[in-house]
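Below is one structure, written out as structure tokens, with a few remarks after it.
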Amino acid sequence: MTQPTAAHDARLSIGDLADQTGVSPATLRMWEQRHGFPVPQRLESGHRRYLGTDVDAVRRVLESRDAGTRLDVAIEQAVRALQAEAEPRTPSVWAELRRRHPQLDTHRLTKSTLLALSWAIEDEFAARADRAHLFGLFQVQRNFERAEQRWDELARVAASTYVFADFDDVSDRSTSDTRRPVRVPLAADAPMRREWAVVVDSVDLPIALTAWEVPGQDDVANRDKVFESAWTVEPRAVRDAARVCARVAADAGAPGAAATLYHLADEPGPGMADLRSVTTLFNRVVAYVDRAPRSHA
């Protein structure tokens, strides 16, 4: 299923689509007849024309097939991914989770408590050495610099790592070290500049912590500032949060972000994190919260 668009935007012939995907025109016609995919625009002459997104969708089907997925399931997943990409983009982790998952509980937490939660999540991720996609929202560069050594270590075991703040520029494509977080600059009016987030999109323990700074706290001590906060280990919610981050990174031209967004296109499995993993994470949170009054935010 292609995204709604004017017919004149569909410029690829079936031969072009075949050349770019390696799927023969006969096979593409068979897929269309049996599975309703890919759906072409039709010229007045009756000839098929396709969008660039159809190339991505067919390639996604091929990748799923290579991984052992049945053709009909692979096509269904590709169609869902196209539909998700066609939806309006929300450049805010907090707003996206509140819109898509209104059932998530929210709490007002101080910055020191959020630090404890974030450190617990980061420690559990590091302990598992899971090849996950990792994202961190730091608001301003000095916040990231305090945690830079920690995040350098996290990036060594992650599939991809992106950090967001008021950086001067995106990490340079030619010199970016894949073992270090990719820096993504946020404009002064970007919604994510007011947000705090740690997102770990993984199989074993997906988790997203998100918060936004409550306004009107100019006279409040830094560690005592209050954030409206929510966190979840529900895989679909975590995937939605990760997609927001990856889209913002891709739009900024961050190296590797387009590939990361592609890997996040499919829906995650329906399972939940196992009880032992959540208990271990909770124990880390308790330990950090207990030490928070003796720490420096």
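The values are calculated or read from the model by the stated rules, or taken from the named source; none is laboratory data. Model, not experiment: these values are computed from the prediction. Here the Cβ positions follow ideal geometry from the backbone for every residue, glycine too, while neighbour counts run over all protein chains shown.
Please go through the range 209-227 and give me each residue that is in contact with an Asp or Glu (Cβ under 8 Å, 6 or more places away or on another chain) and over 14 Å from Leu115 (Cβ atoms), ordered by number. Across the range 209-227, the qualifying residues are Thr210, Trp212, Val214.
Would you say Val61 is among the β-branched types (Val, Ile, Thr), closer than 30 Å to Ala188 by Cβ and modelled with pLDDT of 85 or more?
The answer is no for Val61.
Any chance the range 124-134 includes a residue that's assigned to a helix (DSSP H, G or I), within 30 Å of Thr279 (Cα to Cα), modelled with pLDDT under 90 and in contact with a strand residue (DSSP E or B) (Cβ under 9 Å, 6 or more places away or on another chain)? Looking through the range 124-134, at least one residue is assigned to a helix (DSSP H, G or I), within 30 Å of Thr279 (Cα to Cα), modelled with pLDDT under 90 and in contact with a strand residue (DSSP E or B) (Cβ under 9 Å, 6 or more places away or on another chain). Take His47 and tell me if it is modelled with pLDDT under 90, out of contact with any helix residue (DSSP H, G or I) (no Cβ under 9 Å at 6 or more places or on another chain) and at negative phi. Against the criterion (modelled with pLDDT under 90, out of contact with any helix residue (DSSP H, G or I) (no Cβ under 9 Å at 6 or more places or on another chain) and at negative phi), His47 does not qualify. Note on the range 23-42: among residues that are under 14 Å from Val55 (Cα atoms) and part of a loop (DSSP other than H, G, I, E, B), the one that is farthest from the chain's Cα centre (by Cα) is Ser24. Taking the listed residues Asp152, Asp204, Asp169, the one that is in contact (Cβ under 8 Å) with a residue 60 or more places away in the chain, among the acidic types (Asp, Glu) and within 27 Å of Ala258 (Cβ to Cβ) is Asp204, with no other qualifying.
For the range 64-73, state whether one or more residues are within 21 Å of Asp266 (Cα to Cα), of a type in the set (Val, Ile, Thr) and without any contact (Cβ under 8 Å) to a residue 24 or more places away in the chain.
yes
Give the range 91-107 a look and list any residue that's of a type outside the set (Ser, Thr, Tyr) and not in a helix (DSSP H, G or I), or say none. If the condition is that a residue be of a type outside the set (Ser, Thr, Tyr) and not in a helix (DSSP H, G or I), then Pro91, His101, Pro102, Gln103, Leu104, Asp105, His107 are the ones that fit. Only one of the numbered conditions (1) surrounded by fewer than 22 Cβ atoms within 10 Å (Cβ to Cβ); (2) among the hydrophobic types (A, V, I, L, M, F, W, C); (3) assigned to a helix (DSSP H, G or I) is not met by Ala246, and that is (1).
You will find that of Val39, Val73, Val61, Val93, the residue that is farther than 16 Å from Tyr262 by Cα, of a type outside the set (Asp, Glu) and either surrounded by 19 or more Cβ atoms within 10 Å (Cβ to Cβ) or in contact with a strand residue (DSSP E or B) (Cβ under 6 Å, 6 or more places away or on another chain) (or both) is Val93 and no other.
Among the strands (runs of 3 or more DSSP E) confined to the range 180-241, there are none with at least 2 residues that are surrounded by fewer than 24 Cβ atoms within 10 Å (Cβ to Cβ), in contact with a Gly (Cβ under 6 Å, 6 or more places away or on another chain) and acidic (Asp, Glu). Selection over the range 82-107 of residues that are among the hydroxyl-bearing types (Ser, Thr, Tyr) and at pLDDT below 90 gives a count of 1. Here Ser160 clears all of (1) within 16 Å of the chain's Cα centre (by Cα); (2) polar (S, T, N, Q); (3) under 20 Å from Thr280 (Cα atoms) except the condition numbered (3).
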